[in-house]
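For reference, the structure is listed below as C-alpha cells.
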Amino acid sequence: MMAFNQNGSYHAIHQTLKYHRRTCYCNLVVLFKLHSSGHLFCAETKSSLGIGWIHAPSSTKHDQDLIVLSGDTGNVLAFGPGYNVETNYPGHNGTTLISGYRDTHFSFLQEISIGDEFKLDSILDNNDYIYEVSNIKIIDSDQQDISTSNNQSELKLVTCYPFNALIAGGSLRYVVTAALVLD
C-alpha cells in the first residue's frame, strides 16, 4: 500500500511480521514522508518485541492464532494484541493483561463462553500455558479499574465495548478472565 497526500503527511506503507515458534520480532511499521522536492525518505521506524502467541480454541465459533506484542499503546495495538508490561508474565502468579481492538484482533471475544480455553505460548520462558475462561464482564473504565491479582495466575483479555459501536473510544470495557489450568 502506498498513498501520499499533497501536504506530505506520514503514511504507513509497510508491515512485516517475522516470527518463529520461540523467536518473535515484529518490525511493525515504517513511516515515510514525501519531501516537498518529490523525494521519498524514511521518517520513523516503530518496532515491538513479541512475547508469544495466543491461540483461541479451534471450532466453528472462533479460530484465532495471534501474535501478542509487548506494550499496549495504540501504535502496538494497531498491529496485534498487546501485553501490558506492568502486569505479570504469563504462567506466573498474578494477572497477565492483554488488550486488543474490538473491531479487529479481539472481535472474536464476543463469542467466547465460560469454560472456553486459550493457549498462551510464551517466548519469555519457553512454556505453553492453558487458561480456562472463568468470568466475562463489562465494566465502565471511568468508574472502575480492571482488577488484577498478585496471588492467582490468571489471564485477562480486554477490549472496548460494545463490539458494534459506531464511534470508538467509549469508556466501556469487555473483560474476559481466564484461570491458569494446572497440569
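The values are calculated or read from the model by the stated rules, or taken from the named source; none is laboratory data. If you're wondering where the values come from, they're calculated on a predicted model, not measured in any experiment. When we count neighbours, we look across all protein chains shown, and the Cβ atoms used for this are built from the backbone with ideal geometry, even at glycine.
Summary of computed values
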{"quantity": "Subset of segment 160-179 [among the hydroxyl-bearing types (Ser, Thr, Tyr) and either part of a strand (DSSP E or B) or under 16 Å from the mean Cα position of the chain (by Cα) (or both)]", "calculated": "161, 174, 177"}
{"quantity": "Matching option when the condition is under 22 Å from residue 119 (Cβ atoms), buried (at least 20 other Cβ atoms within 10 Å of the Cβ) and at pLDDT 90 or above, among 100, 52", "calculated": "100"}
